[in-house]
Amino acid sequence: MISPLAYIHPEARIGENCEIGPFCFIDANVEIGDNNVLMNSVTVLNGSRIGNGNRIFPGAVIGAIPQDLKFRGEETTAEVGDNNTIRENVTINRGTAAKGRTVVGSNNLLMEGMHVAHDVFLGNGCIIGNGTKFAGEVVIDDFAIVSAHVLVHQFCRIGSYVMVSGGTKCSQDVPPFSMIARDPAAYCGLNLVGLKRRGFSTETINNLHSAYNILFNTSALFAERIARIREEVPPSKEIDYLLDFLTTSKRGFIGR
């Protein structure tokens with residue numbers, strides 16, 4: 001299951017039933033779990049931690065040092081969960097002293113040529129399109145869909161169940177459940193197709209729509225709009241998550 005043309009450092013730890021193709025390079029201080037497939041020419045560098053059942057395509061590089069001039073060689077990690085598909089030429093850098101680790105969760109599809117920079121936290125069940133770039137310390141919540149060639153500024157957060165259109169430049173946070181597109185980036189409505197596919201009820205979707213109407217279609221102060229949502233929209237875990245996201249945003253969020 002391991003090609004004789006692959007290099008595996010004797011200190012690397014490889015789990016059971018892994019396939020490692022020719023010209024792969026696996027460094028010291030690497031841990032790889034069970035049932036992983038590394039196709040030819042995959043590079044896994046010092047500090048990488050890979051879970052179980054992942055498929056990693058040719059040219060991917062996991063665990064390279066950060067592209068951050070403040071990095072001084074500190075011990076950090078790049079952590080990948082389970083059952084991810086990591087396509088050709090994806091790069092996942094390890095963390096810096098800021099957070100100590102870069103994390104990619106489980107059940108994600110990372111398409112060709114996309115980049116996960118230092119200290120990013122990428123959740124579970126996300127789909128990230130070809131050529132998309134996440135700068136340092138970006139956070140992507142679960143079940144986000146980010147299309148091809150999207151640029152996400154350092155420190156931004158992307159909410160759950162969003163759809164970000166291809167080529168969008170995100171310099172502020174992307175609110176959950178939304179569709180974001182245009183240049184400059186703007187809120188284009190709820191991600192209705194995505195919410196229905198994920199089994200959200202009509203009642204929940206209507207309540208989210210009401211919350212966003214208050215948020216973007218009234219001229220009151222931000223705090224007053226948040227108070228109106230709390231008063232007028234029935235509480236739920238989705239509304240609570242939306243309000244927490246909006247009120248804790250550090251970069252501000254994309255609006256109309």
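The values are calculated or read from the model by the stated rules, or taken from the named source; none is laboratory data. On a predicted model such as this, the values are computed, not experimentally measured, just so you know. Glycine gets a Cβ as well: all are built from the backbone with ideal geometry, and neighbour counts include every protein chain shown.
Scan segment 136-164 residue by residue and report those that are in contact with a Cys (Cβ under 8 Å, 6 or more places away or on another chain) and in a loop (DSSP other than H, G, I, E, B). Those that are in contact with a Cys (Cβ under 8 Å, 6 or more places away or on another chain) and in a loop (DSSP other than H, G, I, E, B): V138, D142, F143, A144, V150, H153, C156. Mind listing just one residue for me: the one in segment 200-224 that is of a type in the set (S, T, N, Q), in a helix (DSSP H, G or I) and free of Cβ contacts under 8 Å to residues at least 12 places away in the same chain and, of those, farthest from I254 (Cα to Cα)? Checked segment 200-224; the qualifying residue farthest from I254 (Cα to Cα) is T202.
One line per residue, one yes/no per condition, for (1) under 30 Å from E112 (Cα atoms); (2) assigned to a loop (DSSP other than H, G, I, E, B); (3) out of contact with any strand residue (DSSP E or B) (no Cβ under 8 Å at 6 or more places or on another chain); (4) of a type outside the set (D, E):
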residue	(1), (2), (3), (4)
G167	yes, yes, yes, yes
P176	yes, yes, yes, yes
C188	yes, no, no, yes
I226	no, no, yes, yes
E231	no, no, yes, no
R251	yes, yes, no, yes
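For segment 225-240, residues that are more than 17 Å from F253 (Cβ to Cβ) and crowded, with 18+ Cβ neighbours inside 10 Å total 1. Can you report the number of residues in segment 76-121 which are farther than 17 Å from A60 by Cβ, surrounded by 24 or more Cβ atoms within 10 Å (Cβ to Cβ) and among the hydrophobic types (A, V, I, L, M, F, W, C)? Qualifying residue count for the region: 0.
Residues are listed down the side, and each one gets a yes or a no for (1) of a type outside the set (D, E); (2) assigned to a strand (DSSP E or B); (3) in the same structural domain as L109 (by TED's automatic domain parsing); (4) farther than 19 Å from V103 by Cβ:
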| position | (1), (2), (3), (4) |
| --- | --- |
| E11 | no, no, yes, yes |
| F23 | yes, no, yes, yes |
| E74 | no, no, yes, no |
| A78 | yes, yes, yes, no |
| D82 | no, no, yes, no |
| E88 | no, no, yes, yes |
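Please determine whether any residue of segment 56-63 is of a type in the set (F, W, Y) and part of a loop (DSSP other than H, G, I, E, B). Yes. Among residues of segment 81-104 that are without any contact (Cβ under 8 Å) to a residue 24 or more places away in the chain, none has a beta-carbon under 6 Å from a residue that is part of a strand (DSSP E or B) and surrounded by fewer than 21 Cβ atoms within 10 Å (Cβ to Cβ) at least six positions away or on a different chain. Quick check on N17: is it within 23 Å of N107 (Cα to Cα), crowded, with 21+ Cβ neighbours inside 10 Å and without any contact (Cβ under 8 Å) to a residue 40 or more places away in the chain? So N17 does not fit the description; no.
Restricting to segment 28-40, and then to whatever is in contact with an Asp or Glu (Cβ under 9 Å, 6 or more places away or on another chain) and either in contact (Cβ under 8 Å) with a residue 24 or more places away in the chain or under 24 Å from I65 (Cα atoms) (or both), can you tell me which residue is surrounded by the most Cβ atoms within 10 Å (Cβ to Cβ)?
Our first condition is that a residue be in contact with an Asp or Glu (Cβ under 9 Å, 6 or more places away or on another chain); within segment 28-40, this holds for 28-30, 33-39.
With either in contact (Cβ under 8 Å) with a residue 24 or more places away in the chain or under 24 Å from I65 (Cα atoms) (or both) added as a condition, the list becomes 28-30, 33, 36-39.
Details: A28: 12, N29: 16, V30: 23, G33: 20, N36: 25, V37: 17, L38: 28, M39: 19.
Filtering first and then ranking leaves L38.
The one condition from (1) crowded, with 20+ Cβ neighbours inside 10 Å; (2) touching a His at 6+ places or on another chain (Cβ under 6 Å) that D68 does not meet is (1). Within segment 158-169, residues that are outside the structural domain of I128 (by TED's automatic domain parsing) reach partners that are modelled with pLDDT under 95 and part of a loop (DSSP other than H, G, I, E, B) with beta carbons closer than 7 Å, at six or more positions or on different chains, in the pairs K169/D183.
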